[in-house]
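Accompanying notes for the structure given below.
The values are calculated or read from the model by the stated rules, or taken from the named source; none is laboratory data. This one's a predicted model, so the numbers in the text were calculated from it and none came from an experiment. We place every Cβ from the backbone using ideal geometry, glycine too, and count neighbours over all the protein chains shown. For accessibility, only protein heavy atoms count, side chains too; no ligands or nucleic acids. Shrake-Rupley method; radii C 1.70, N 1.55, O 1.52, S 1.80 Å.
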Amino acid sequence: MICYQVLLESLRALNGVDICVADGEADPVIASLGFQKNCPVVSDDSDLLLFDLTAGVILMSELVKVIDEG
């Protein structure tokens, strides 16, 4: 949970970065945003891989690995 909070704070500090956080089953909404903005989606839900997003999906677990190994 701490990594999540740090990530959100870091993203909020950047100019021009839109953040969308969705609770519950939001895969179609998140995928739609990814397609509309042509940007990667960061999520813990590997189901988003099924949408074949043009800019891809970044799994939160992979970000945590990079931070932990950093």
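Brief remarks on what is shown
- Amide H partners (placed H, <5 Å) of Ile58, local residues excluded: Val41, Val42, Ser43
- Accessible area of segment 30-70 belonging to carbon and sulfur atoms, whole % at 1.4 Å probe: 55
- Cα long-axis angle, helix 2-13 against the chain (0 to 90 degrees, to the nearest 10): 80
- Per residue accessible area in Å² of the chain, where ligands, DNA and RNA are left out and the probe is 1.4 Å: 75
- Dipole of the chain computed with +1 at Lys/Arg Cβ and -1 at Asp/Glu Cβ about the Cα centre; of Leu59, Pro28, Cys39, farthest Cα towards the positive end is Cys39.
- Acute angle (nearest 10 degrees) that the helix 27-37 long axis makes with the longest principal axis of the chain, alpha-carbon atoms: 90
- Nearest 10 degrees, 0 to 90: helix 60-69 Cα axis against the chain principal axis: 30
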